[in-house]
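Please read the structure below before turning to the comments.
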Amino acid sequence: MTDEAGTAPSRRALIGWGGAGLALGAAAAGGAAAALGGGADDTETVADSGAAVPFYGAHQAGIATAVQDRLHFAAFDITTDDRAELIALLKEWTKAAARMTQGHAVGGGAVSDLAEAPPDDTGEALGLKASRLTLTIGFGPTLFKNKKGEDRFGIADRRPEALIDLPAFPGDNLDAARSDGDLCVQACADDPQVAVHAIRNLARIGMGKVAIRWSQLGFGKTSSTTPDAQTPRNMMGFKDGTRNIAGTDTAALDKHVWVSGKAGPAWLAGGSYLVARRIRMHIETWDRTSLKEQEDVFGRDKGEGAPQGRQHERDEPNLKAMLPTAHVRLAHPDSNGGARILRRGYSFTDGTDGLGRLDAGLFFLAYQHDVRDGFVPVQRALARTDALNEYIQHVGSALFAVPPGVRDADDWWGRALFS
């Protein structure tokens, strides 16, 4: 990234986080500006060109945007009770995000004439391009009223009805240290260092006002919003996300992803709801399972990715040709009253668990217009009878209301909520 608002130099070669791909269960159209704005609805063009994703627009980028290769997701706890301080932070974060997503350094950059003071930017992305970086913010239930029932910022009455406390699902083994949060920021990029740099700088700017509650690195996108692209494979070796909502399907996005002014609070119109779930996979058990059982578990052919009873990956599934416990059958909209969600999940590997088993799985990210007729009914169906449950466990969970996009340089993340 450059210190000045010019074209970033060529990126250097980097070693990534390593990886494979993974998907499972159910995963913005960027905005309207050329540098810090411009037309970004054509997500396929953005992905192919490698250009910076526009920051300004009706919806936040990083939702319907063509899915990038890497993720750094962070949930924050707010450590101040001062409303004015929080608003000032959101304004500063917005300004920094607008610069970083276009390949520019934060503030005065990583190198300045004042050697006695810390630089404005941490500097590890110097010389790197924007790498299609997107930064997407969300607000958790505890922003509106904390666990003690305190309305710290005078917005308790503005909490959306759909921003519910997610119900407990059978088989959940949730770690409180990897769940919830007052705020979240999803950083997606094609370069892992660019994504990490973005979260690091926001955390640095917020020091004394926010603290990272938990975070997750991800690699190997597990779903695609560009249906003409090759479908990613998950760490179990299966294609998943074949039927994901396309980033160019305006009608489906309006129906299933974006909050309308009629169905939700006015401040959230054009936004969405994000479910984040850390799903641990029992890799070693899966690797000793026969191919036939693996295919029966998913309801798909492992090689081609075709639904059972069909020949090609994108053939319309014959749900009756699958076992009643098949993952695809249970997750299909026809089995859930037409419920659809937009997935943006990533694989993760976080070393071993101390018993020699790989701590790996899916970091599941799903956007929808209302979790009550999106994630919740689908997950209830999966949690009860999905054959995949033998090989996975949900260990972290969070829900966030994702505000609409930032319209211009005078706007900021969450402005309508605090106005």
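The values are calculated or read from the model by the stated rules, or taken from the named source; none is laboratory data. Note that the coordinates shown come from a computational prediction; the quantities given were computed from them, not determined experimentally. Here Cβ is always computed from backbone atoms with ideal geometry, including for glycine, and neighbour counts include all displayed protein chains.
If you take the residues of the range 59-118 that are surrounded by 18 or more Cβ atoms within 10 Å (Cβ to Cβ) and on the phi > 0 side of the Ramachandran plot, which of them is farthest from the chain's Cα centre (by Cα)?
G109
Output the residue which, of all residues in the range 370-395 that are small (G, A, S) and closer than 22 Å to D180 by Cβ, is surrounded by the fewest Cβ atoms within 10 Å (Cβ to Cβ).
Filtering the range 370-395 down to residues small (G, A, S) leaves 374, 381, 383, 387.
Next, only the ones that are closer than 22 Å to D180 by Cβ stay: 374, 383.
Values: G374: 25, A383: 17.
That would be A383.
Residues of the range 186-197 being surrounded by fewer than 24 Cβ atoms within 10 Å (Cβ to Cβ) and not in a helix (DSSP H, G or I), which ones?
Passing the criteria: D190, D191.
Please work out if L143 is surrounded by fewer than 24 Cβ atoms within 10 Å (Cβ to Cβ), closer than 30 Å to S179 by Cβ and touching a Phe, Trp or Tyr at 6+ places or on another chain (Cβ under 8 Å).
Values: surrounded by fewer than 24 Cβ atoms within 10 Å (Cβ to Cβ): no; closer than 30 Å to S179 by Cβ: yes; touching a Phe, Trp or Tyr at 6+ places or on another chain (Cβ under 8 Å): yes.
The answer is no for L143.
Somewhere in the range 198-210, is a residue crowded, with 17+ Cβ neighbours inside 10 Å, at pLDDT 95 or above, among the β-branched types (V, I, T) and part of a helix (DSSP H, G or I)?
Taking every residue of the range 198-210 in turn, at least one turns out to be crowded, with 17+ Cβ neighbours inside 10 Å, at pLDDT 95 or above, among the β-branched types (V, I, T) and part of a helix (DSSP H, G or I).
Assess whether L174 counts as being over 22 Å from W93 (Cβ atoms) and not in a strand (DSSP E or B).
Here the answer is yes, as L174 does meet what is asked.
Whether any residue in the range 153-160 is under 20 Å from V371 (Cβ atoms) and out of contact with any Lys or Arg (no Cβ under 9 Å at 6 or more places or on another chain) is what I want to check.
Looking through the range 153-160, at least one residue is under 20 Å from V371 (Cβ atoms) and out of contact with any Lys or Arg (no Cβ under 9 Å at 6 or more places or on another chain).
Of all residues in the range 366-402, count the ones that are part of a strand (DSSP E or B) and either at pLDDT below 95 or among the polar types (S, T, N, Q) (or both). Full working, then the answer.
If we filter the range 366-402 for residues that are part of a strand (DSSP E or B), which is where we start, we get 366-368, 392-402.
Then drop every residue that is not either at pLDDT below 95 or among the polar types (S, T, N, Q) (or both), which leaves 368, 393, 397.
Summing the residues that are part of a strand (DSSP E or B) and either at pLDDT below 95 or among the polar types (S, T, N, Q) (or both) in the range 366-402 gives 3.
Of the numbered conditions (1) among the hydroxyl-bearing types (S, T, Y); (2) touching a Phe, Trp or Tyr at 6+ places or on another chain (Cβ under 9 Å); (3) surrounded by fewer than 16 Cβ atoms within 10 Å (Cβ to Cβ), Y367 fails exactly one; give the number of that condition.
Among (1) among the hydroxyl-bearing types (S, T, Y); (2) touching a Phe, Trp or Tyr at 6+ places or on another chain (Cβ under 9 Å); (3) surrounded by fewer than 16 Cβ atoms within 10 Å (Cβ to Cβ), Y367 violates only (3).
List the number of the failed condition for T352; all other conditions in (1) modelled with pLDDT under 95; (2) out of contact with any Leu (no Cβ under 7 Å at 6 or more places or on another chain) hold.
All conditions are met except number (2).
Regarding A125, is this residue aliphatic (A, V, I, L, M), assigned to a loop (DSSP other than H, G, I, E, B) and within 23 Å of the chain's Cα centre (by Cα)?
yes
Quick one: in the range 73-88, of everything that is among the aliphatic types (A, V, I, L, M) and in contact with a helix residue (DSSP H, G or I) (Cβ under 7 Å, 6 or more places away or on another chain), which residue is nearest to K145 (Cα to Cα)?
Across the range 73-88, the extreme among qualifying residues is I78.
Restricting the search to the range 255-288, which residues are in contact with a helix residue (DSSP H, G or I) (Cβ under 8 Å, 6 or more places away or on another chain) and over 22 Å from R344 (Cβ atoms)?
P265, A266, W267, H282, T285, W286
Is at least one residue of the range 65-75 of a type in the set (G, A, S), outside any loop (DSSP other than H, G, I, E, B), closer than 19 Å to L135 by Cβ and modelled with pLDDT of 95 or more?
Filtering the range 65-75 down to residues of a type in the set (G, A, S) leaves 66, 74-75.
Next, from what is left, pick out any that are outside any loop (DSSP other than H, G, I, E, B): 74-75.
Subset that is closer than 19 Å to L135 by Cβ: 74-75.
Restricting the remaining residues to those that are modelled with pLDDT of 95 or more gives 74-75.
So far as the range 65-75 goes, yes, one or more of its residues are of a type in the set (G, A, S), outside any loop (DSSP other than H, G, I, E, B), closer than 19 Å to L135 by Cβ and modelled with pLDDT of 95 or more.
Does R204 satisfy being of a type in the set (K, R) and more than 24 Å from D373 (Cβ to Cβ)?
Values: of a type in the set (K, R): yes; more than 24 Å from D373 (Cβ to Cβ): yes.
When the stated conditions are applied, R204 passes them.
Considering the range 403-419 alone, what residues qualify as being modelled with pLDDT of 95 or more and outside any helix (DSSP H, G or I)?
Going through the range 403-419, the residues modelled with pLDDT of 95 or more turn out to be 403-418.
Residues satisfying the conditions are P403, P404, G405, V406, R407, D408, A409, D410, D411, W412, W413, G414.
Do we find a residue being closer than 12 Å to A198 by Cβ, at pLDDT below 95 and assigned to a loop (DSSP other than H, G, I, E, B) anywhere in the range 128-135?
There is at least one residue in the range 128-135 that is closer than 12 Å to A198 by Cβ, at pLDDT below 95 and assigned to a loop (DSSP other than H, G, I, E, B).
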